[in-house]
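Colleague: Here it is: the structure, laid out below.
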Amino acid sequence: MRIVAGDWRGRRLAALGKGDPAAHLRPTTDRVREALFNMLAGGRFGDPIIDAVVLDLFAGTGALGLEALSRGAASATFVETGRAGLRLLRDNIASLGCADRAQVLAVDATRLPAATEPATLVFLDPPYGKGLGEAALAAAQARGWIAPAALVVWEEATEQAAPPGFTRLDARRYGDSWITILRAE
């Protein structure tokens, strides 16, 4: 895995190894990340990356949030509980030298603490088929993590409907993954 574009383009991320099957550690592939960020940067959704405050739920290796930082996001909060994911995430933040713009919360994404600053760009990549995406999004909204008009990028095994408080803008399939784009109302 590598950073696809931006300041850290081509920089390798920590090797996944065997990952963490119990935590369903399944990083977004370089190809899907590139397609996703090209879609976001295409202008259809405004300019959601530059100066964004990013929330990366079920962060795993942090590839989505780190890609956003590389492309000009102001800061990122990574939420992860898996031991392997946390180790890889912290290694990636250290190797890219972005600890001043990155915060790691080792908490359950469905039980978030109160936000210190609402996110304008949210990445949501829960374990597939477990219903955790809806719960995490509701928790983030209830605890002040999602700014009005924030963009939410939800990766799941199936196309997702917009939960209350969100409007569905787009959905695209990439192999066995669906990317659903939502906007907070």
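The values are calculated or read from the model by the stated rules, or taken from the named source; none is laboratory data. Fair warning: this is a prediction, and the values are worked out from it, not measured in the lab. For neighbour counting, all protein chains shown are included, and Cβ atoms are generated from backbone atoms with ideal geometry for every residue, glycine included.
Colleague: Kindly indicate the residue of segment 100-131 that is more than 14 Å from the chain's Cα centre (by Cα) and among the hydrophobic types (A, V, I, L, M, F, W, C) and also nearest to residue 66 (Cα to Cα) among those meeting that condition.
Modeller: To start, the set of residues in segment 100-131 that are more than 14 Å from the chain's Cα centre (by Cα) comprises 100-101, 106-108, 110-118, 128-131.
Subset that is among the hydrophobic types (A, V, I, L, M, F, W, C): 106-107, 112, 114-115.
Details: 106: 17, 107: 19, 112: 20, 114: 23, 115: 20 Å.
The selected residue is 106.
Colleague: List pairs: first residue in segment 21-35 and within 13 Å of residue 60 (Cβ to Cβ), second residue at pLDDT below 65 and not in a helix (DSSP H, G or I) anywhere in the structure, Cβ distance under 7 angstrom, at least six positions apart or on different chains.
Modeller: Sorted first by the residue in segment 21-35, then by its partner, the pairs are 25/19.
Colleague: Here's something else I'd like to know. Scan segment 144-185 for residues that are over 17 Å from the mean Cα position of the chain (by Cα) and among the acidic types (Asp, Glu) and report the count.
Modeller: Residues meeting the conditions: 2.
Colleague: Let me ask something else about it. Consider segment 71-113. How many of its residues are in contact with a helix residue (DSSP H, G or I) (Cβ under 8 Å, 6 or more places away or on another chain) and either without any contact (Cβ under 8 Å) to a residue 12 or more places away in the chain or closer than 14 Å to residue 11 by Cα (or both)?
Modeller: 6
Colleague: Moving on. Quick one: how many residues across segment 104-137 are surrounded by 15 or more Cβ atoms within 10 Å (Cβ to Cβ) and either under 14 Å from residue 56 (Cβ atoms) or not charged (D, E, K, R) (or both)?
Modeller: Looking only at that region, the number is 22.
Colleague: Further question on the same structure: Search segment 5-38 for residues being among the hydrophobic types (A, V, I, L, M, F, W, C) and within 15 Å of the chain's Cα centre (by Cα), and hand back the single one that is modelled with the lowest pLDDT.
Modeller: Among those residues, the one meeting the criterion is 25.
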